[in-house]
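Student: Dropping the structure in here first, questions after.
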2 protein chains.
Amino acid sequence: MSKLSPIEFAKALADDTRQTIMRFCCCEWRSVSEIVEHTGVSQPTVSHHLAILRDAGLVTPRPEGRQTYYTLDQQQVAVCCGQLMQVFAPENQATVAVKDILIR
Amino acid sequence: MSKLSPIEFAKALADDTRQTIMRFCCCEWRSVSEIVEHTGVSQPTVSHHLAILRDAGLVTPRPEGRQTYYTLDQQQVAVCCGQLMQVFAPENQATVAVKDILIR
DNA sequence: ATCTCGTATAGATGAGCGCCGATATGTCCA
DNA sequence: TGGACATATCGGCGCTCATCTATACGAGAT
């Protein structure tokens, strides 16, 4: 999981289909077929979006036989959000709280 | 300052020029001319991006004579980041801390 | 080995958007 | 009132990217 700049993070999030995938994979492992069925877009499109999220370190793949299961990396999300807050809301109270927890 | 969905927030952040503007206006009031000079893009382009950020409630305009000064709304940023964390990192420790501060 | 199923990649297409020049709007000053 | 300046809007152009179909790759199963 490589570090993600605020720009890369924002661009990875800036698509409805990708956010749908992220919500769907938030607390569970989901196969590509399940994601295809849930999003309603074609399988290649899902694969494309998964590649983007995977490159951003936002989802983790787990190959299992013919299928590949994906899940959202909540820690990566939290760290990136914390970074956003430090850059764009440095004087906010919540930013301090997040920094204490996420940055060590 | 209207409420901002995770998608709208991400799309507003998903541009280098807009992030440059946001950083430049983070803790100070900046005129459009200053922003034009700092970003290096044309004045109409800056105006365009400011309109997007303004519609998202991420920057606050303060007209003063012929000039308009803008500053970043750190509270709006923090709230949106908090929302992102609750949606995409609900099991993370930092999310709980942010929620306690931002959501009332 | 061959077939089938699940996923990834390649190539094409169309919509969205970032950018600029030109122009409109609005404010201050003489 | 007229002119100069700051910002906003308009119209277009080019590029990025989300989507599709077609195809390749890879792992069971027969």
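Student: Go through the stretch A:21-53 and give me each residue that's closer than 16 Å to A:Q76 by Cβ and either in a strand (DSSP E or B) or among the hydroxyl-bearing types (S, T, Y) (or both).
Tutor: none
Student: Among the residues of the stretch B:25-49, write down those that are away from DNA strand C (no atom under 13 Å from the Cβ) and under 16 Å from B:L13 (Cα atoms).
Tutor: The answer is B:C25, B:C26.
Student: Only one of (1) open to solvent by less than 20 Å² (accessible area, probe 1.4 Å); (2) in contact with a Leu (Cβ under 8 Å, 6 or more places away or on another chain); (3) within 14 Å of chain B (Cβ to nearest Cβ) is not met by A:P6, so which one is it?
Tutor: Result: A:P6 passes all but (1).
Student: Oh, and also: Could you list all residues from the stretch B:80-104 that are assigned to a helix (DSSP H, G or I), open to solvent by less than 20 Å² (accessible area, probe 1.4 Å) and at the interface with chain A (Cβ under 7 Å from one of its Cβ atoms)? Even if it seems obvious, please write down each step before you answer.
Tutor: Filtering the stretch B:80-104 down to residues assigned to a helix (DSSP H, G or I) leaves B:80-88, B:93-102.
Going one step further and asking which of them are open to solvent by less than 20 Å² (accessible area, probe 1.4 Å), we end up with B:80-82, B:84-85, B:88, B:94-95, B:98, B:102.
Answer for the stretch B:80-104, where residues must be assigned to a helix (DSSP H, G or I), open to solvent by less than 20 Å² (accessible area, probe 1.4 Å) and at the interface with chain A (Cβ under 7 Å from one of its Cβ atoms): B:C81, B:G82, B:L84, B:M85, B:F88, B:A94, B:T95, B:V98, B:L102.
Student: Which is at pLDDT 95 or above, closer than 19 Å to A:P6 by Cβ and away from DNA strand C (no atom under 16 Å from the Cβ), of B:L13, B:L58, B:L84?
Tutor: B:L84
Student: Let me ask something additional. Go through the stretch B:35-53 and give me each residue that's within 9 Å of DNA strand D (Cβ to nearest atom) and within 19 Å of A:F88 (Cα to Cα). Steps first, answer last, please.
Tutor: Narrowing the stretch B:35-53 to residues within 9 Å of DNA strand D (Cβ to nearest atom): B:35-36, B:42-48, B:50-51.
Matches in the stretch B:35-53: B:I35, B:V46, B:L50, B:A51.
Student: Now for a different question. Can you work out which of the residues in the stretch B:54-79 that are within 12 Å of DNA strand D (Cβ to nearest atom) and part of a loop (DSSP other than H, G, I, E, B) is least open to solvent (accessible area, probe 1.4 Å)?
Tutor: Residues of the stretch B:54-79 that are within 12 Å of DNA strand D (Cβ to nearest atom), as a first pass: B:54-55, B:59-70.
Now narrow it down to the ones that are part of a loop (DSSP other than H, G, I, E, B): B:65-66.
Values: B:G65: 82, B:R66: 238 Å².
Per the stated criteria, the residue is B:G65.
The values are calculated or read from the model by the stated rules, or taken from the named source; none is laboratory data. Just so it is clear, the structure is predicted and the values come from calculations on it, not from any experiment. So basically every Cβ, Gly included, is an ideal-geometry build from the backbone, and we count neighbours across all protein chains shown. SASA here: full protein model, heavy atoms, side chains in, ligands and nucleic acids out. Shrake-Rupley method; radii C 1.70, N 1.55, O 1.52, S 1.80 Å.
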